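Step one of this worksheet: look at the structure below.
The values are calculated or read from the model by the stated rules, or taken from the named source; none is laboratory data. Because the structure is a prediction, the values reported are computed rather than measured. Note that we place each Cβ from the backbone using ideal geometry, even for glycine, and neighbour counts take in every protein chain shown. Just the protein is used for accessible areas: all its heavy atoms, side chains included, with ligands, DNA and RNA removed. Shrake-Rupley method; radii C 1.70, N 1.55, O 1.52, S 1.80 Å.
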Amino acid sequence: MNRVTVEECDKVKNKDRESVPSKLSDDSSCITIDEVLNLYGRLGADSREALASIRKKPVELKRNQKVFSLCDGRADIFVVKEGWASLSHATSTRGQDICNLFMTGDIIGMRESFFESHDVVILSLTNCKLEKVSVDDLHELFKTNEEIRKAITSYVMVNDNITIERLRSCTHHRSEERVAHFLLEVYARFNFKGLLASNVFSFPVTQDVVGELLGMTSVHVSRCMTALEQKKLIRKTRSSIKLLQPDVMARNTGFDSNFIYGHLCLG
């Protein structure tokens, strides 16, 4: 009977560790494009080294500062290292409606960078630290590196799932359930990145922004938040939310994080 050597055991253990997505660091300086994409698809050492070597530029934004992002007909790509920002697709007929929200560990403009003439407007909701990533360098790796291509595709698909779930909530639920569903979404996004140690998360987002995302007035959002507090489902402060009964909220809203993050198969 063949014996398994210590070296072979170590190889199996290391392979198992590699198959489990890592979590983001609490240190914002360590949140990079390769760290983020590694959450969405396992990246080997060569792929991560290739991502680490692409051209990058630090960008800092003050609260309420706008960035009009268009790079040779394609949107720029930014990694959010710290803070919160929103994204709008500005057109001459539609104005600048907020269509998505980004927090620490997200990538702004990834999906938009694959389309021509997407005039993207980024608004910093708090003071932000971003890292601008070369679109040309990243797209070249997308063409030549299968691991990176799968991770980018996974990132785009997961974020599309988030948008689909939010839209489903807005078309099927009453206002209070919409707000509860959105809070569960934010909670799930923080959890997936490993940035939570409890049911409390940072939420310095104004009621105006929440209302625009969910198709409600800011006054209505305020009433829904108060109702959720009175039912002892949440506790809110000026810049944070604590979910007191996330399981009950999930049952009431039909929120399922497995739909967003689970069962992704890219072959």
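Yes/no per residue for (1) modelled with pLDDT under 95; (2) closer than 23 Å to N127 by Cα; (3) not hydrophobic (A, V, I, L, M, F, W, C):
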position: D160; (1), (2), (3): yes, no, yes
position: R168; (1), (2), (3): yes, no, yes
position: V179; (1), (2), (3): no, no, no
position: G194; (1), (2), (3): yes, yes, yes
position: E212; (1), (2), (3): yes, yes, yes
position: K231; (1), (2), (3): no, no, yes
position: I241; (1), (2), (3): no, yes, no
position: V248; (1), (2), (3): no, no, no
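Could we say that K193 is of a type in the set (K, R) and within 22 Å of L24 (Cα to Cα) here?
Numbers: of a type in the set (K, R): yes; within 22 Å of L24 (Cα to Cα): yes.
Considered against the rule, which asks whether it is of a type in the set (K, R) and within 22 Å of L24 (Cα to Cα), K193 comes out as yes.
Give, as residue ranges, the helices (runs of 4 or more DSSP H) completely inside segment 1-93 that count at least 3 residues that are of a type outside the set (D, E) and either at pLDDT below 95 or surrounded by fewer than 18 Cβ atoms within 10 Å (Cβ to Cβ) (or both).
Numbers: elements: 6-19, 33-37, 45-52.
Those helices (runs of 4 or more DSSP H) span 6-19.
Residue-by-condition table, conditions (1) buried (at least 18 other Cβ atoms within 10 Å of the Cβ); (2) modelled with pLDDT of 95 or more; (3) within 17 Å of the chain's Cα centre (by Cα):
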position: D106; (1), (2), (3): yes, yes, yes
position: E116; (1), (2), (3): no, no, no
position: T126; (1), (2), (3): no, yes, yes
position: L183; (1), (2), (3): yes, yes, yes
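If L130 meets every condition in (1) within 19 Å of the chain's Cα centre (by Cα); (2) open to solvent by 40 Å² or more (accessible area, probe 1.4 Å) apart from one, which number is that one?
(2)
Do we have any residue at all in segment 226-247 that's closer than 18 Å to S169 by Cβ, within 22 Å of the chain's Cα centre (by Cα) and assigned to a loop (DSSP other than H, G, I, E, B)?
No, that holds for no residue.
Anything in segment 198-209 that is open to solvent by less than 60 Å² (accessible area, probe 1.4 Å) and assigned to a helix (DSSP H, G or I)? List them, or say none.
If the condition is that a residue be open to solvent by less than 60 Å² (accessible area, probe 1.4 Å) and assigned to a helix (DSSP H, G or I), then V209 is the only one that fits.
Hey, could you check segment 94-104 for residues that are under 21 Å from G215 (Cα atoms) and outside any strand (DSSP E or B) and say which is modelled with the highest pLDDT?
M103
Do you know which residues across segment 29-50 are over 23 Å from R111 (Cβ atoms) and among the polar types (S, T, N, Q)? Talk me through it step by step, then tell me what you get.
Step one: filter segment 29-50 for residues over 23 Å from R111 (Cβ atoms), giving 29-30, 44-46, 49.
Selection gives S29 alone.
If you scan segment 121-166, which residues turn out to be in contact (Cβ under 8 Å) with a residue 24 or more places away in the chain, more than 13 Å from V36 (Cα to Cα) and acidic (D, E)?
Within segment 121-166, D137, E147, D160, E165 meet the criteria.
List the number of the failed condition for L195; all other conditions in (1) in contact with a Gly (Cβ under 8 Å, 6 or more places away or on another chain); (2) in a helix (DSSP H, G or I); (3) among the hydrophobic types (A, V, I, L, M, F, W, C) hold.
Condition not satisfied by L195: (2).
Could you look through segment 224-248, keep only residues that are under 16 Å from N191 (Cα atoms) and touching a residue at least 24 places away in the same chain (Cβ under 8 Å), and pick out the one that is most open to solvent (accessible area, probe 1.4 Å)?
Of segment 224-248, the ones under 16 Å from N191 (Cα atoms) are 240-247.
The next check asks that each one be touching a residue at least 24 places away in the same chain (Cβ under 8 Å); those that pass are 240-244, 246.
Numbers: S240: 29, I241: 4, K242: 78, L243: 2, L244: 63, P246: 26 Å².
It comes out as K242.
Condition check ((1) within 30 Å of R42 (Cβ to Cβ); (2) in a strand (DSSP E or B); (3) open to solvent by 60 Å² or more (accessible area, probe 1.4 Å)) across all residues:
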site	(1), (2), (3)
G211	no, no, no
S222	no, no, no
R251	no, no, yes
F259	yes, no, yes
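In this structure, does F190 turn out to be touching a strand residue (DSSP E or B) at 6+ places or on another chain (Cβ under 7 Å), in a helix (DSSP H, G or I) and under 29 Å from R63 (Cα atoms)? Reasoning before the result, please.
Details: touching a strand residue (DSSP E or B) at 6+ places or on another chain (Cβ under 7 Å): yes; in a helix (DSSP H, G or I): yes; under 29 Å from R63 (Cα atoms): yes.
Answer is yes for this residue.
Take the residues in segment 135-177 that are in a loop (DSSP other than H, G, I, E, B) and open to solvent by less than 50 Å² (accessible area, probe 1.4 Å), then tell me which one is nearest to D76 (Cα to Cα).
The first filter runs over segment 135-177 and keeps only residues in a loop (DSSP other than H, G, I, E, B), leaving 145, 173-174.
Pick out the ones that are also open to solvent by less than 50 Å² (accessible area, probe 1.4 Å) and you get 145, 173.
Numbers: N145: 21, H173: 35 Å.
Step by step, filter segment 135-177, then rank; the result is N145.
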